[in-house]
1. Take residues that are under 26 Å from Arg288 (Cα atoms) and in the same structural domain as Pro78 (by TED's automatic domain parsing) and tell me which of the strands (runs of 3 or more DSSP E) falling wholly in segment 1-66 contain 3 or more.
2. Anything in segment 350-363 that is buried (at least 19 other Cβ atoms within 10 Å of the Cβ) and away from ligand 1 (no atom under 16 Å from the Cβ)? List them, or say none.
3. Please go through segment 390-415 and give me each residue that is touching a residue at least 12 places away in the same chain (Cβ under 8 Å) and within 24 Å of Asn593 (Cβ to Cβ), ordered by number.
4. Checking Leu499 against (1) under 24 Å from Gln392 (Cα atoms); (2) without any contact (Cβ under 8 Å) to a residue 60 or more places away in the chain, only one condition comes out false. Which one?
5. Is it the case that some residue within segment 71-81 is surrounded by 16 or more Cβ atoms within 10 Å (Cβ to Cβ), in contact with a Cys (Cβ under 8 Å, 6 or more places away or on another chain) and outside any loop (DSSP other than H, G, I, E, B)?
6. What number goes with the only condition from (1) closer than 24 Å to Tyr329 by Cβ; (2) touching a residue at least 60 places away in the same chain (Cβ under 8 Å); (3) within 16 Å of ligand 1 (Cβ to nearest atom) that Leu583 does not pass?
7. Run down Leu120, Leu146, Leu140, Leu104 and say which single residue is of a type outside the set (Phe, Trp, Tyr), within 30 Å of Leu696 (Cα to Cα) and at pLDDT below 95.
8. Has segment 615-629 got at least one residue that is surrounded by fewer than 19 Cβ atoms within 10 Å (Cβ to Cβ) and in contact with an Asp or Glu (Cβ under 6 Å, 6 or more places away or on another chain)?
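The values are calculated or read from the model by the stated rules, or taken from the named source; none is laboratory data. The structure displayed is predicted, hence computed values, not measured ones. Neighbour counts run over all protein chains shown; Cβ positions are idealised from the backbone, glycine included.
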Amino acid sequence: MRQDQEFFVYGSLVEVLTTQPIDRLFTYRAPREGCFKGAIVLVPFGQRIVVGLVWGSSTEKIELEKIKTIDRILDFQPLQPEFQDFIWKVADYTVSPLYAVLRLATRVRDLAAQEVYKKLIYKGKVPNQFKMTPARSRVLGALDNLNGIGAPISELAKLAKVSPSVISGMISSGCLFTKMEPKDLPYAKVNTAYSLNELSEDQAQVVFDINNLLDQQGHSSILLCGVTGSGKTAVYLEAISKVIDNGKQALVLLPEIALTGDFTKRIKARFGVSPAEWHSGISQSERRRVWKMVGRGQAQIVIGARSALFLPFEELGLIVVDEEHDSSYKQQDGVLYHARDMAVLRASLAGAKVILASATPSLETWNNAKLGKYKRFNLTKRYGSSVLPDIQVIDMRNEKLRSDQWISPILKYKIEEAIDNNEQALLFLNRRGYAPVTLCRSCGQRIGCDFCDTAMIEHRFQKRLMCHQCGETKPMPRTCPSCQAIDNFAPIGPGVERLAEEATKSFPEASITVLSSDLYSSARSLKDELESISRGNTDIIIGTQLIAKGHNFPNLTVVGVVDPDLGLQGSDLRAAERTFQLLRQVSGRAGRNDKRGTAYLQTYQPQHPVIEAITNGQDEQFWIAEAKGRELAEMPPFGRLVGILISAQNSEDAFEIGYKLSKKATILSSAGITLYGPAPAPITRVRGRYRVRMLLKASKAVSMQSVIKLWLSGLNLRKDIRLVIDVDPQSFL
Ligand code: ADP
Ligand code: ZN
């Protein structure tokens with residue numbers, strides 16, 4: 001709900017949160033013109049001027065002469081109180097300093113830059129005897145498409161496919177006029193009646209039910225659980241429409257920025273305008289524009305990566321988290337927040353709704369729906385004439401393949417058949433590079449990273465070795481680093497590049513595309529590739545988990561999962577859950593159009609519960625069984641975990657801190673928290689630093705954060721030692 005902010009008159013003392021790395025608020029005097037709570041300001045800080053947020057009134061006891069005055073109020077709407085609450089609660093939940101969260105919220109480089117103006121062109125009055133040529137009428141048409149928003153001459157010329165001189169001529173005749181406008185323009189107004197999708201009966205029912213919820217006041221969370229291809233997007237686009245009709249803003253989070261292209265098109269098709277975008281692929285000037293317009297309510301639909309959660313919405317009505325189970329929603333450095341969970345928090349503080357959409361919800365979300373905390377709506381059929389793929393197991397124990405082959409004869413035959421029918425096939429293997437391990441045949445040593453405790457992975461396309469932990473690369477050596485033998489390396493096991501090599505030999509006529517994140521220099525080039533594939537420009541796609549994330553390849557009918565057992569081997573808490581999700585999503589790429597698709601799982605463990613659940617379509621049973629196991633072990637979502645990672649130049653220093661903390665473990669145990677460790681992390685060394693882990697576990701009833709703060713208080717870390725707190729860890733490596 002939009003609220004009027006408290007106002008501080010000239011000279012009143014206010015607390016300001018700055019982005020400087022000092023974990024406290026500072027007192028300043030309100031400037032001559034006064035300031036609102038929530039204002040974004042510049043303040044003197046030592047010798048510098050820095051960005052800050054007016055947090056509230058100050059009661060700090062401090063000598064009056066020492067208090068400096070706020071330098072300038074930046075031209076943004078003051079942040080809403082719910083957003084300030086959100087910053088505070090994210091910091092509290094993730095045990096992070098407030099400034100670190102404010103930094104997430106102000107990631108615009110030239111936030112403080114003065115407003116820049118530019119000349120824009122608008123439609124004027126067409127004079128009576130004006131000669132209308134096709135070029136001139138294209139110019140007027142292009143302006144009509146902008147719904148009253150002006151355009152710079154160069155852009156208008158491009159849109160109308162005319163030369164700038166045509167436009168200049170129209171200006172001098174009064175047909176068009178120009179006006180100086182701020183460079184940061186509002187986003188075009190959404191037209192919710194622009195083009196309605198015809199909904200299936202199931203979709204219409206779910207839209208009806210969700211709309212009823214949207215009409216109610218206050219917060220609620222919705223799980224939209226629909227099989228792959230059921231048309232979840234069409235459903236939540238209607239929810240967005242409703243929210244916009246109610247005068248509020250909508251935010252859609254996507255797990256992968258390569259998906260934004262496709263999604264933007266769908267928004268445009270439905271609402272006539274493109275949404276504002278917020279992710280690492282947009283320019284700094286666009287960032288500034290989004291930030292400003294979101295605050296004024298002049299960006300009605302925003303799509304973005306997890307960081308879009310920290311935009312200063314004027315009046316947020318709905319957050320959609322698409323593919324909510326996706327593990328990329330967890331931020332892996334800095335403030336370690338989970339965007340799905342923080343989306344629910346943000347929506348609850350703003351009195352907004354949240355829709356979590358997935359074919360394979362996380363166990364956390366599934367359980368919240370089961371408990372009735374979230375309302376669950378299901379779509380059980382694919383949209384239109386498309387049906388769910390058939391899933392078949394290929395029992396690899398019966399296939400006698402050579403040690404450098406991974407495509408079974410049955411799968412090979414099915415792929416050939418698809419290509420003969422002018423259809424596409426997909427080979428899925430969740431391993432980047434050529435081979436997961438490279439050994440020296442003379443001494444048997446694997447090539448490892450110089451800085452990490454991991455193997456270097458050969459990337460043959462780039463002719464380099466790469467460490468998937470720290471990103472270090474080096475040319476493929478000719479001599480073994482251990483025994484100096486020359487040209488005697490053996491690749492062990494397959495990566496996507498090696499699989500592509502086999503496919504090239506097996507299907508010499510076919511065109512093959514490898515999709516792996518390391519092969520694309522930018523999100524743009526990946527987007528282009530995805531588009532080209534969906535137009536049918538390749539016969540066989542070979543890819544890593546990148547392709548599992550909701551791309552539509554309409555002509556794809558055969559999916560071969562080369563090693564579905566891969567993810568089941570780890571001891572990770574979520575190994576089964578993640579594998580289940582991945583296999584269901586990858587299989588779900590098949591048969592998205594009217595041709596029926598089939599997914600083949602080449603497994604050595606056909607009786608494994610995950611493989612059985614996938615092949616028999618027993619998703620609900622899988623979740624029930626998985627939930628039971630977690631509940632017995634009091635693991636999330638039935639218990640809480642917090643990971644502690646200590647890293648230092650050598651293992652003694654890291655362990656010393658660990659032992660120091662374990663001596664204070666009574667603080668934890670008396671609050672009902674069990675401490676495991678310190679122990680060497682599974683990957684003991686990354687980027688040259690030794691890593692020691694501790695794990696804290698408690699029941700749901702315990703709020704661990706305040707106890708952890710107490711436990712860690714008074715711990716003075718040397719500059720070269722780092723301690724990271726990971727609430728609700730997703731990775732235990
Ligand atoms: P999901 O996200 O549930 O896997 P999508 O939303 O991608 O499914 O929909 C699958 C396909 O069906 C897409 O090509 C989409 O354009 C189409 N589709 C779904 N619902 C509709 C609808 N109501 N009208 C037209 N096309 C639809
Ligand atoms: Zn490394």
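1. On the way: elements: 13-18, 26-29, 40-45, 48-57.
Correct list: 13-18, 40-45, 48-57.
2. Kept after step one, since they are buried (at least 19 other Cβ atoms within 10 Å of the Cβ), are these residues of segment 350-363: 350, 352-363.
Listed by number, the residues that qualify are Ala350, Ala352, Lys353, Val354, Ser362, Leu363.
3. Asp390, Ile391, Gln392, Ile410, Leu411, Lys412, Lys414, Ile415
4. Answer for Leu499: the failing condition is (2).
5. Looking through segment 71-81, at least one residue is surrounded by 16 or more Cβ atoms within 10 Å (Cβ to Cβ), in contact with a Cys (Cβ under 8 Å, 6 or more places away or on another chain) and outside any loop (DSSP other than H, G, I, E, B).
6. Unmet condition: (2).
7. Working: Leu120 fails: within 30 Å of Leu696 (Cα to Cα); Leu146 fails: within 30 Å of Leu696 (Cα to Cα); Leu140 fails: within 30 Å of Leu696 (Cα to Cα).
Just a single option satisfies the conditions, and that option is Leu104.
8. No: segment 615-629 contains no residue that is surrounded by fewer than 19 Cβ atoms within 10 Å (Cβ to Cβ) and in contact with an Asp or Glu (Cβ under 6 Å, 6 or more places away or on another chain).
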